[in-house]
Amino acid sequence: MRALVIEDDVDLREQICAQLRSDGFAVDATGEGEEGQFFALEYPVDIAIIDLGLPGPTGLDIIRDVREAGLDYPILILTARSRWQDKVEGLETGADDYVVKPFQPEELTARIQALVRRSRGWAQPKLESGDIVLDTSRQEVFVAGQTVELTAYEYRVLEHLMLHAGEVVSKTALTEHIYEENAERDSNVIEVFVRRLRAKLDPEGTLKPIETLRGRGYRLARDDRDTSAAGT
């Protein structure tokens with residue numbers, strides 16, 4: 001998953017980015033409202049964490065522009081403002097949740113993960129597809145109850161496929177959502193990650209969890225989402 005952090009406090013921004021990376025996110029970050037506005041509108045974002053008080057366009061300006069552009073990824077507001085009116089304004093502008101500074105890193109992580117899951121129709125931290133279970137809170141993967149060790153990028157690819165279970169995901173989309181902007185990218189490497197995932201998740205070749213659709217991309221074959229969570 002790829003997160004965007006727009007926060008002008010350098011120390012706090014670095015703290016949030018470090019936490020997100022430790023949680024398996026690819027992260028793009030800025031402290032400038034204008035640059036944040038560009039990132040929010042042009043980057044393939046899975047979730048944005050936006051401070052309200054920014055130099056240049058404010059956090060509310062950015063949120064408003066994102067929603068007017070038809071982008072529906074979840075947005076979490078960071079605010080030092082304790083007035084309930086400010087929180088209501090942020091939510092009415094298009095944000096999905098907010099955290100008031102100062103906050104505990106664990107709270108921020110829990111809210112971010114919940115927003116991403118629910119935006120894709122998953123109600124629980126554990127994503128399940130047949131015998132495969134991915135625990136987003138612990139970043140662990142199990143097949144038929146047995147732990148499977150994955151590299152960081154293998155985990156990111158599987159997580160993205162599971163969050164989009166039942167959908168065709170192109171190699172380009174996978175590349176954009178698992179790498180940060182300044183990372184070297186090669187969509188052909190995605191084939192390697194998928195091949196390794198198949199070998200680790202399905203060594204006997206009986207589950208066949210990941211389908212290849214020639215010229216289109218990949219699809220997680222089973223979709224066990226709780227559809228009642230979609231749209232919440």
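The values are calculated or read from the model by the stated rules, or taken from the named source; none is laboratory data. In this text the structure is predicted, and so the values were computed from the model without any measurement. Cβ placement follows ideal geometry from the backbone for every residue including glycine, while neighbour counts extend to all protein chains displayed. Quick note on the areas: whole protein, heavy atoms, side chains included, nothing else; ligands and nucleic acids left out. Shrake-Rupley method; radii C 1.70, N 1.55, O 1.52, S 1.80 Å.
The table that follows gives values for the structure above.
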read-out	value
Filter pass, residue 196 being modelled with pLDDT of 90 or more and open to solvent by 30 Å² or more (accessible area, probe 1.4 Å)	yes
Test: residue 72 is under 14 Å from the mean Cα position of the chain (by Cα) and of a type in the set (Asp, Glu)	yes
Test: residue in the range 53-62 that is among the hydroxyl-bearing types (Ser, Thr, Tyr), within 16 Å of residue 31 (Cβ to Cβ) and open to solvent by 20 Å² or more (accessible area, probe 1.4 Å)	yes
Looking only at the range 1-45, and only at residues there that are of a type in the set (D, E, K, R) and in contact (Cβ under 8 Å) with a residue 40 or more places away in the chain, the one that is nearest to residue 78 (Cα to Cα)	7
Selected residue (criterion: modelled with the lowest pLDDT) from residues of the range 122-143 that are open to solvent by less than 60 Å² (accessible area, probe 1.4 Å) and either of a type in the set (Val, Ile, Thr) or in contact with a Gly (Cβ under 8 Å, 6 or more places away or on another chain) (or both)	136
Residue 174, sole failed condition from (1) in contact with a strand residue (DSSP E or B) (Cβ under 6 Å, 6 or more places away or on another chain); (2) surrounded by 20 or more Cβ atoms within 10 Å (Cβ to Cβ); (3) within 26 Å of residue 110 (Cα to Cα); (4) in contact (Cβ under 8 Å) with a residue 40 or more places away in the chain	(1)
Residue match in the range 144-155 (condition: crowded, with 16+ Cβ neighbours inside 10 Å, in contact with a helix residue (DSSP H, G or I) (Cβ under 6 Å, 6 or more places away or on another chain) and not hydroxyl-bearing (Ser, Thr, Tyr))	yes
Elements of type helices (runs of 4 or more DSSP H) contained in the range 115-217, each with 2 or more residues being in contact with a Leu (Cβ under 7 Å, 6 or more places away or on another chain)	152-163, 187-201
